[in-house]
Amino acid sequence: MARTIIIQTHGGPEVLHLADRPVGEPGPGQIRIRHHAIGLNFIDCYQRSGLYPMALPAALGMEAAGIVEAVGEGVTHLKPGDRAAYASQPPGAYCDARVMPAAQVCPLPDGISFDEGAAMMLKGMTAQYLFHRTVPLKAGNTVLFHAAAGGVGLIACQWARSEGITLIATAGSDEKCQLALDHGAAHAINYRQPDWSQQVRALTGGKGVDAVMDSVGAATFEGSLDSLRPLGMMISFGNASGPVPPVNLGVLAAKGSLQITRPTLFTHIADHATCQAMARHLFDKVLSGAVTIRVDQRFGLDQVQEAHRVLEARATTGSTILVP
């Protein structure tokens, strides 16, 4: 049996409950992993609330790190006793141990702790696909990154700096703006100021940025479009302030033949080999010191309701983990 966080209905943090569930043995293509640390992400809140509907009852959680206890037939890249970490479908990481598909579980280098592993897989591979798989970016380009003091944001600030890309950060307080600057952002703007998109224009000499990376959603969408150069790319990859309303595509033409995409990490990592390569790229960034993983909040598994409340209030910085 393993303690597992489940929901019986969609709703607020109060619907999260601990239950004991059997774990079992891995079948073909599966592993059993015992968690040492579990990552907390906004997608967990979206699934809990029903913004991303799930078949109920359901377990939550998309990333964790721990020790492989057993492997099923056909699994060759992991063995019992290996340190491992993942960001992966299906949900169910909020638990002591689980049986799950092995393809997106990655060997975790010895130089990276379990806490870092649990805090970096979803957020770090998100940064990897934003900078390397969504739109061509190179040294000298300029990007706008919203919520830059969060888990993905602080990784993105460092990632951009390591590749010579100018990152303009936004955050919801002056303190969070300073945190983004400390982690490699070239400029930082408090997006609670009504003229923040005009400030972005001013910082780029009126030209606009090459790409916007926006996980905030409804609150920043219009300003994000106004911050782009002609032919620039709008990457909407989250909805922390609520989903973006339907878009009139004619607006993209009027604002300079803009491009727009709504990617998800799980599309990018669906292929086993691609997922493992993306993870190695992320691990190399961390092991080289180019990217440091900040874990600023820790909660016990039985404190998951409070962890969700704090995350949704956007009162966190860096990454948050649950400790089994």
Checked against a 30 Å limit on the C-alpha separation, the offending pairs among Lys138/Lys255; Lys138/Lys176; Lys255/Lys285 are Lys255/Lys285
Using modelled backbone amide H atoms (1.01 Å from N, in-plane), which distant-in-sequence or interchain residues come within less than 5 Å of Arg314's amide H? none
Provide the packing ranking of 20-30, 197-207, 102-112, i.e. peptides ordered by the mean count of other C-beta atoms within 10 Å per residue, highest first. 102-112, 197-207, 20-30
On a straight-distance basis, which aspartates and glutamates could pair with Lys79 in a cross-link, Cα separation under 17 angstrom, same-chain partners fewer than 8 positions away excluded? Glu25, Glu69, Asp110
So for the stretch 120-170, what percent of the C-alpha to C-alpha distances run longer than 17 Å? 24 percent
Distances over 18 Å make up what percent of all Cα-Cα pairs in the stretch 135-262? 47 percent
Can you bin the stretch 250-324 into rounded, prolate or oblate? Criterion: square roots of the alpha carbon gyration tensor eigenvalues sorted a ≥ b ≥ c, rounded for a/c under 1.5, prolate for a/b above b/c, oblate for the rest. oblate
Okay, which of the stretch 11-37 sit inside 19 Å, backbone N to the point 7 Å along the Cα-Cβ direction of Glu73? 24-32
q = 0.11, 0.16, 0.20, 0.22 Å⁻¹, the stretch 1-136: log10 I(q)/I(0) [Debye, one scatterer per Cα]: -0.40, -0.82, -1.18, -1.32
Find the centroid of the Cα atoms in the stretch 106-150 and in the stretch 216-235, then give the distance between the two in whole Å. 20 Å
Taking H placed 1.01 Å from N in the peptide plane, check which residues at least 5 places from Ser215 or on another chain put their amide H under 5 Å from its amide H. His146, Phe237
If each of His132 and Asp271 carries a label point 7 Å out from its Cα toward its Cβ, how far apart are those two points in nm? 1.4 nm
Which ³J(HN,Hα) values in Hz, rounded to whole numbers, follow from the phi angles of the stretch 161-176 under the Karplus curve 6.51 cos²θ - 1.76 cosθ + 1.60, where θ = phi - 60° and Gly and Pro get x? 4, 5, 10, x, 9, 7, 10, 9, 9, 10, 7, x, 7, 5, 5, 5
Report the per residue volume, in Å³, of the convex hull enclosing the C-alpha atoms of the chain. 121 Å³
Any idea how far apart Met1 and Thr264 come out in nm if each label point goes 7 Å out from Cα toward Cβ? 3.3 nm
From the phi of every residue in the stretch 142-147, what ³J(HN,Hα) in whole Hz does the Karplus formula 6.51 cos²θ - 1.76 cosθ + 1.60 yield, where θ is phi - 60° and glycine or proline is x? 10, 10, 9, 10, 8, 6
Using modelled backbone amide H atoms (1.01 Å from N, in-plane), which distant-in-sequence or interchain residues come within less than 5 Å of Val75's amide H? Gly29
Residue-wise, which Karplus ³J(HN,Hα) couplings in Hz belong to the stretch 117-131, taking 6.51 cos²θ - 1.76 cosθ + 1.60, θ = phi - 60°, and x for glycine or proline? x, 5, 8, 10, 5, 5, 6, x, 6, 5, 4, 4, 6, 5, 8
What dipole magnitude, in Debye to the nearest 20, does the stretch 1-77 give about its Cα centre under +1 on Lys/Arg Cβ and -1 on Asp/Glu Cβ? 80 debye
Provide the packing ranking of 254-263, 220-229, i.e. peptides ordered by the mean count of other C-beta atoms within 10 Å per residue, highest first. 220-229, 254-263
Quick check: convex hull of the Cα atoms in the stretch 91-148, volume per residue, rounded to a whole Å³? 157 Å³
Go ahead and collect, in residue order, the members of the stretch 180-206 whose backbone nitrogen is under 19 Å from a label point 7 Å along the Cα-Cβ direction of Ala254. 197-198
Cα-centred dipole magnitude for the chain, charges only on beta-carbon of K, R (+1) and D, E (-1), debye, nearest 20: 540 debye
What ranking do Phe266, Phe42 get, fewest neighbouring Cβ atoms within 10 angstrom at the top? Phe266, Phe42
Using only DSSP helix segments of four residues or longer, with each worth -39500 (n - 2.57), what per-residue ellipticity at 222 nm results for the chain after dividing by its residue count and rounding to 500? -8500 deg cm²/dmol
Mind jotting down the three principal axis lengths of the stretch 23-100 based on Cα atoms? Whole angstrom, largest first. 36, 22, 18
Footprinting proxy, Lys79, Lys123, Lys138: sorted fewest to most Cβ within 10 Å, the residues are Lys138, Lys79, Lys123
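No lab work stands behind these numbers, since they all come straight from the coordinates. Keep in mind that what you see is a predicted model, and the values were worked out from it rather than measured. Cβ: placed from backbone, ideal geometry, glycine included. Neighbour counts: every protein chain shown.
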